[in-house]
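Here's the structure we're looking at; comments come further down.
The values are calculated or read from the model by the stated rules, or taken from the named source; none is laboratory data. Keep in mind that what you see is a predicted model, and the values were worked out from it rather than measured. Cβ sites come from the backbone with ideal geometry, for glycine too, and all protein chains shown count toward neighbours.
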Amino acid sequence: MAGDDDAYVYDEETGEWRPASEMAAASAEAMVVRDASGAVLADGDSVVLVKDLKVKGAGQTLKQGTVIRSIRLTDNPEEVDCRYEGIKGLVLRTEFVRKR
């Protein structure tokens, strides 16, 4: 069992107070980001687009097969943050990328 000095966090799903260390471990396990083919993505991975995507606000279309390097995971497991030439703040849905 957790020690008496452990901080507790309210778990909204169960309605119980649980040790913070237990909650942190559970959220890390639950946050698995997968690409369109089911491969696990991590910070710094390179991905390839699986279809043409129109970029809102940039007036540009990213073509299928475009390589995006050094992605960053976000709080949302369905999105990755990345950079591409001339487009700042680009966020891609994981359903449109495949790990390279």
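Looking only at segment 71-97, which residues are surrounded by fewer than 15 Cβ atoms within 10 Å (Cβ to Cβ), more than 9 Å from the chain's Cα centre (by Cα) and more than 19 Å from Ser37 (Cα to Cα)?
Arg83, Glu85, Gly86, Ile87, Lys88, Gly89 - these are the residues of segment 71-97 that are surrounded by fewer than 15 Cβ atoms within 10 Å (Cβ to Cβ), more than 9 Å from the chain's Cα centre (by Cα) and more than 19 Å from Ser37 (Cα to Cα).
Filter segment 1-16 for residues that are surrounded by 12 or more Cβ atoms within 10 Å (Cβ to Cβ) and modelled with pLDDT of 80 or more and give the result. Quick ask: steps written out before the conclusion?
Our first condition is that a residue be surrounded by 12 or more Cβ atoms within 10 Å (Cβ to Cβ); within segment 1-16, this holds for 2, 6, 8-9, 11.
Those that are surrounded by 12 or more Cβ atoms within 10 Å (Cβ to Cβ) and modelled with pLDDT of 80 or more: Tyr8, Val9, Asp11.
With the requirement that a residue be among the β-branched types (Val, Ile, Thr), farther than 13 Å from Lys99 by Cα and in contact (Cβ under 8 Å) with a residue 24 or more places away in the chain, what does segment 49-73 give you?
Residue satisfying the conditions is Val55 alone.
Only one residue in Asp35, Asp43 is in contact with a strand residue (DSSP E or B) (Cβ under 8 Å, 6 or more places away or on another chain), charged (D, E, K, R), at pLDDT 90 or above and surrounded by fewer than 14 Cβ atoms within 10 Å (Cβ to Cβ). Which one?
Selected residue: Asp43, the only one of Asp35, Asp43 that is in contact with a strand residue (DSSP E or B) (Cβ under 8 Å, 6 or more places away or on another chain), charged (D, E, K, R), at pLDDT 90 or above and surrounded by fewer than 14 Cβ atoms within 10 Å (Cβ to Cβ).
Under 9 Å by Cβ, and 6 or more places apart or on different chains, what pairs join a residue from segment 15-33 that is farther than 27 Å from Arg93 by Cβ with one that is among the small types (Gly, Ala, Ser) and modelled with pLDDT of 70 or more?
Once the first residue is farther than 27 Å from Arg93 by Cβ and sits in segment 15-33, its partners that are among the small types (Gly, Ala, Ser) and modelled with pLDDT of 70 or more give Pro19/Ala7; Ala20/Ala7; Ser21/Ala7.
How many residues does segment 85-100 contain that are at pLDDT 90 or above and more than 15 Å from Met31 (Cβ to Cβ)?
Total satisfying the criteria: 10.
For segment 49-73, which positions are in a strand (DSSP E or B) and of a type outside the set (Val, Ile, Thr)?
Within segment 49-73, Leu49, Leu53, Lys54, Gln60, Leu62, Arg72, Leu73 qualify.
With (1) of a type in the set (Gly, Ala, Ser); (2) at pLDDT 90 or above; (3) over 9 Å from the mean Cα position of the chain (by Cα) as the list, and Ala28 as the residue in question, which single condition is left unmet?
Every listed condition holds for Ala28 apart from (2).
What's the total number of residues in segment 28-48 that are within 12 Å of Lys99 (Cβ to Cβ) and either not polar (S, T, N, Q) or not in a loop (DSSP other than H, G, I, E, B) (or both)?
Within segment 28-48, residues that are within 12 Å of Lys99 (Cβ to Cβ) and either not polar (S, T, N, Q) or not in a loop (DSSP other than H, G, I, E, B) (or both) number 13.
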